[in-house]
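K.L.:
The structure follows.
The values are calculated or read from the model by the stated rules, or taken from the named source; none is laboratory data. Computed from a predicted structure; not experimentally measured. For neighbour counting, all protein chains shown are included, and Cβ atoms are generated from backbone atoms with ideal geometry for every residue, glycine included.
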Amino acid sequence: MLTYNELIGLRDKLANGEIQLEFAKALYWNDSKEEQRSWHTKDWKERRLEFLKDKCEICNSSETLTIQHQSHPRKYSDYLREITRGYTKEYIDTNQQISKSDFTDYVFKKYDYYAVPLCPNCNNKNPSLRVRKTPKYRCADCKHEFDEAIFRSANELISIFYENEDAYEVQDKCFVSKDKWKNKNNLSNIRYWQQRERAKNQDTEQIEKEAFLLHVNDCIKYLSFKDAITACRKCAFNFDIKKMELCPQCKQHYKGFQYPTCIACLPEENLKAALESIQFGKEWHEMHERLDID
């Protein structure tokens, strides 16, 4: 695992074009072990000793002190999706519409089509399918009864889409991707994925480089302790696991991040309502346990 200074050097060399992206990725990931964490390294432990203060910066306790980060690095894959989304938007804004023939080829290559049944009298979608009565179908709109529904072909839907992409007929997610995910899409979704694929293929290396640099910058920030404080184990546990922090008013009780104070510090007019809500929640939970309700 690269040290803090080595990671800075890697970032600077990649940003300045001194090394290639694939080489930078190899240096960054090939030296990492899945079970290894940054705080296991000698570099971290040495810099940790220099950073830690004598007391918790939240409650002033001196028991079992640790480094508490206010933020954590985002995954490379998260940045890759975000950057790709931006390049896709730019591609959509600056390029002409995909031709109908190219779009049709893409649809048939990537998706299976499951046609929506239509009423032969009024073309309403999804007529009611009857199990016991005959005829087999009954249209909810025109009340027509029939045994055989009609269907639009994929080509017909694509033609309608190119005439009016907001048309009622093309809103159904009746195209299922042929990959392992089997995602359902309508034609508007499919066009976006085709545009996204083209944008990504056009700028693959630049997209990956930007995403990788953002991820590495996050890791450098984390290793630098820039957004970290010294905290006791109790405050760190409440912050990371319970999403709670010490009440700024009484400095005794913990509160959720979304609340200005703990319950004990609420104004008198709000305290009663809060306590009643807590009591109601406890009684509701006890009833569920008693009745064996999940």
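K.L.:
Would you mind listing the strands (runs of 3 or more DSSP E) fully within the stretch 63-182 where at least 3 residues are charged (D, E, K, R)?
P.N.:
Qualifying strands (runs of 3 or more DSSP E): none found.
Residue-by-condition table, conditions (1) over 26 Å from the mean Cα position of the chain (by Cα); (2) surrounded by fewer than 15 Cβ atoms within 10 Å (Cβ to Cβ); (3) under 30 Å from D240 (Cβ atoms):
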{"site": "P73", "(1), (2), (3)": "no, no, yes"}
{"site": "D78", "(1), (2), (3)": "no, yes, yes"}
{"site": "Y87", "(1), (2), (3)": "no, no, no"}
{"site": "D112", "(1), (2), (3)": "yes, yes, no"}
{"site": "N123", "(1), (2), (3)": "yes, yes, no"}
{"site": "E156", "(1), (2), (3)": "yes, yes, no"}
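K.L.:
Which residue, of N164, N155, N95, N124, is assigned by TED's automatic domain parsing to the domain that holds R198 and in contact with an Asp or Glu (Cβ under 7 Å, 6 or more places away or on another chain)?
P.N.:
N124
K.L.:
Can you tell me which residue is farthest from P120 (Cα to Cα) among those in the stretch 144-154 that are of a type in the set (G, A, S) and surrounded by 13 or more Cβ atoms within 10 Å (Cβ to Cβ)? Steps first, answer last, please.
P.N.:
First pass over the stretch 144-154, keeping only residues of a type in the set (G, A, S): 149, 153-154.
Right, trim to surrounded by 13 or more Cβ atoms within 10 Å (Cβ to Cβ) and you get 149, 154.
Working: A149: 6, A154: 18 Å.
Filtering first and then ranking leaves A154.
K.L.:
Another question, if that's okay. Strands (runs of 3 or more DSSP E) wholly in the stretch 225-294 with at least 3 residues that are touching a strand residue (DSSP E or B) at 6+ places or on another chain (Cβ under 8 Å), assigned by TED's automatic domain parsing to the domain that holds E50 and buried (at least 17 other Cβ atoms within 10 Å of the Cβ) - which ones?
P.N.:
Correct list: 228-232.
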